[in-house]
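J.: Below are the structure tokens for one structure; questions will follow.
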Amino acid sequence: MNSLVHTRADGQRVVRLDPQKRVLFLTKDLGAIRRQLSGELDLRMEEVEPRELLDDINTDVMTPAWVCFRHKPEDIALDAYAGLMDEAGKRVFGTRALLDGGFQVIVSGQRKGTGSSRETAPQAEKWCGIELVIAASFAPIHERNNVNLGQLMGDYGQLVRLQRGEEIPLAEFTERYDPVTRAILEAGGLFPFSAEVRAGRTRVPLPATPARPMTMAEKILAAHLVGAEPVVGAGPGRAFLAPGDCALVKVDAGYSHEFTTAQVHHFLAQEYGADYRLNDPRKFAVFEDHLLYADGVAKMAPFAPLIETLRRLQREFQAHTGVRDYSARDGISPGICHQVAREQFLDPGDFVQATDSHTCMGGGNNALAWGVGATEYAGLVHAGFTFVRVPESIRFELAGKLRPGVTAKDVILEILRTFAKEEQTLDRVMEFGGPGLATLDMDERATLTNMATECSAKTGLCEGDAATAAWIAARRPGSGAQAIAARFVAPDPGAHYDGGVHRLDLSQIEPMVAKPSDPTNGATVAELGEVKIDIAYAGSCTAGKERDLDFYAQVVGEALEAGRRVRAGVRMLIQFGSEAVRDYARARGYLELFQRAGVEVIEPGCGACIGCGPGVSERPEQVTVSAINRNFTGRSGPGKLYLASPLTVAASAIEGKIVAYRPGMFRARPVPVKA
Ligand code: SF4
């Protein structure tokens, strides 16, 4: 347990600062941070204005991607805050600076822990001795990661009192949370809490929510409650849930990849001993898909030995546990985890957890799926169940039909610049339904749910229909469409949506882009003005599906017919989401088309949004138009990154500047370009 916490003679648990330890204030004045780190300066909350504290410290700043190649938290801690740079581009925190500073508390401003969901960020603080994190507000996933690690979080007023020598009841730090979160924090994190549950010292009671109409997410979670009848429908024993309810739920499937598995293996061995066993490994999997192309990124060369260690530990984990093995064969990945999982083992009604924020892509299969950190994943893959707080939902009722040249990517970019920008999707399940959904094929639906994470939503979830059943049945030998359809979960009539129900007319959506450096920076292509490009990347979990390949082939084929190729000076890359997608493209003759047009075609895999794969820029002046999902500064190289649809990416590669695709556009203006 946290050494800040003491049990008094009367049994009350209180929080008290250790007088030998220090408090670090992350101030906008970076010089003041340096003086604190070197021991020249100690501050008190009473003498610091909250507006002088750094806001929006993102997880890349706390642990940049290169630090995440280490899998042991004590090694990660060596370079805590390595991403915080001064104006001259120099690190504010040197190696071991936070570790050796003797700090117990760290203080910052608004929205601590924005950006990616990486758990290494709070791990770095914890293993540097930080036991209390003070901020004006926290990003939701980061807050959850802190909870799982047993890191207490507090406010400025509490710090003032602690620095005056006051003891504060532990309950003051935990009472704003639901009962399960409170219990996890008070136990000192997820692993100690799970041990309490296993030993029978802590019980998670079934929620007592009375009968009510439920959203899709509520129904799926209710059907997975540990200790309740496993019933979906209105029969006897049906359980009910409402947003905010906390419960233990069974997990049907999950996966990790080589960037994350080593930590899972390490945590399990530490917690349960080297001979630990999983409860049921059959629906869990490991993938070798994210770092296969890192050696093609010059900046990644020094990390090759660490990457090899991650691969080795993933192989060791797979052999030790017997989870499904999607390792690369002869250097070729079977595909991106999110794509292969939806093709091969995510079923309607499943509850799925995996160690990557785009796990939400599984929602296209009518499965409830979201990403979790390594600690949470280690706990659930071991036990087969996890703890959830039922999220709120927001429903998008799709109507009409997309016009030619417009895709699901444009729809989600429109949602990002409106609903997400206004935080209406924040931490909610984005439920997609309505007659417009039926006009989108399964791959397009997966694009919508894939980018729920960019909407800062909990996940995305599509209603099932005949197309869902047929698509899954075609990929699962022995599964009939009828049996699959029988698993569909639909919302109850009258279900309540805290985020409201919003009608979206697909026919009104325009070709969109998201300008650098945030996916919510949306604009229509028409509003953009002229943007010349150097790189066009067509791939990733968002845009490496069969339908995306159809889009690329449609544009490239039309360009070839008009005597056009990829514009001189532009590099266009197409990367398949899986082997099945590659085989699909090959069978339709797309590979030959791409080759004739001057497109570089790459085997399945990714790494684009973590700076570890094809499509990553190498110089600040480079401009990329990309079909991937996120464009945060520096995440895909130093250049400027515009997000766009597969059609826009391909048309832009031909024109050499960002343009929307219109059928027949090249025939209308045949300008031959020299090869
Ligand atoms: S875009 Fe690529 S690197 Fe990013 S989550 Fe998807 S598969 Fe992983």
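The values are calculated or read from the model by the stated rules, or taken from the named source; none is laboratory data. Because the structure is predicted, anything quoted here is derived from the model rather than measured. Note that we place each Cβ from the backbone using ideal geometry, even for glycine, and neighbour counts take in every protein chain shown. These accessible areas exclude ligands, DNA and RNA; they are computed on the full protein's heavy atoms, side chains included. Shrake-Rupley method; radii C 1.70, N 1.55, O 1.52, S 1.80 Å.
J.: Excluding ligands and nucleic acids, what accessible area in Å² is computed for Arg198 using a 1.4 Å probe, to the nearest 10?
T.: About 130 Å², rounded to the nearest 10.
J.: If each of His6 and Arg238 carries a label point 7 Å out from its Cα toward its Cβ, how far apart are those two points in nm?
T.: Result: 5.4 nm between the two label points.
J.: Calculate the spin-label point distance for Ala136 paired with Arg96, positioning each point 7 Å from the Cα along the beta-carbon direction, and give it in nanometres.
T.: For Arg96 paired with Ala136, the spin-label model returns 3.6 nm.
J.: Past 31 Å, Cα to Cα, is the threshold; run Lys421/Lys640; Lys409/Lys640; Lys283/Lys401 against it and keep the listed order.
T.: Numbers: Lys421/Lys640 21 Å; Lys409/Lys640 19 Å; Lys283/Lys401 36 Å.
As for pairs spanning more than 31 Å Cα to Cα, those are Lys283/Lys401.
J.: If r is the Cβ-Cβ distance from Ala269 to Arg667 and R0 is 60 Å, what FRET efficiency results, to the nearest 0.05?
T.: Rounded to the nearest 0.05, the efficiency is 0.45.
J.: Name all residues of segment 616-640 having a backbone nitrogen under 12 Å from the label point set 7 Å from the Cα of His502 along its Cα→Cβ direction, giving them as ranges.
T.: Taking a point 7 Å out along Cα→Cβ of His502, no residue of segment 616-640 has its backbone N under 12 Å.
J.: Further question: Roughly how many debye, to the nearest 20, is the charge dipole of segment 19-174 about its Cα centre, given +1 on each Lys and Arg Cβ, -1 on each Asp and Glu Cβ, and no other charges?
T.: 320 debye
J.: Sticking with this structure for a sec: Where in segment 605-624 does the label zone of Ala298 land, with the point 7 angstrom along Cα→C-beta and an amide N cut-off under 13 Å?
T.: 617-622
J.: Let me ask something additional. Output ³J(HN,Hα) for segment 22-34: one whole-Hz value per residue in order, computed from phi by the Karplus curve 6.51 cos²θ - 1.76 cosθ + 1.60 with θ = phi - 60°, and x for Gly and Pro.
T.: Taking θ as phi minus 60°, the curve returns 10, 10, 9, 9, 8, 8, 5, 6, 5, x, 5, 5, 4 Hz for segment 22-34.
J.: Could you check the spin-label model distance between Glu422 and Glu46? Points 7 Å from the Cα along Cα→Cβ, value in nm.
T.: 4.5 nm
J.: Continuing with the same structure: How would you order 536-543, 271-278 from highest to lowest mean count of nearby Cβ atoms within 10 Å?
T.: Per-residue mean Cβ counts within 10 Å order the peptides as 536-543, 271-278.
J.: Can you tell me the order of 298-310, 406-418 when each peptide is scored by its average per-residue count of other Cβ atoms within 10 angstrom, highest first?
T.: 406-418, 298-310
J.: Also, I was wondering about something else. For the ranges 434-447, 211-224, what's the packing order if you count other beta-carbon atoms within 10 Å of each residue, average per peptide, and put the highest first?
T.: 211-224, 434-447
J.: Where does segment 26-110 land on the Kirkwood hydrodynamic radius, alpha-carbon pairs, in angstrom?
T.: One over the average 1/r among Cα pairs gives 13.5 Å for segment 26-110.
J.: Across bins of 10 angstrom width beginning at 0, how are the C-alpha pair distances of the chain distributed, in whole percent?
T.: Per 10 Å bin, starting at zero, the Cα-Cα P(r) for the chain comes out as 3, 15, 26, 27, 19, 8, 2, 0, 0 percent.
J.: If you project the alpha carbons of segment 575-645 onto the principal axes, what extent comes out on each, in Å, largest first?
T.: 38, 22, 19
J.: Next up: Check segment 24-149 and count each lysine pair with an alpha-carbon distance under 20 angstrom, considering only pairs eight or more places apart or from different chains.
T.: So the count works out to 4.
J.: Let me ask something additional. In Å², and per residue, what accessible area does the chain have when probed at 1.4 Å with the other protein chains present? Walk me through the numbers before you get to the answer.
T.: Working: 24810 Å² over 675 residues.
The answer is 37 Å² per residue.
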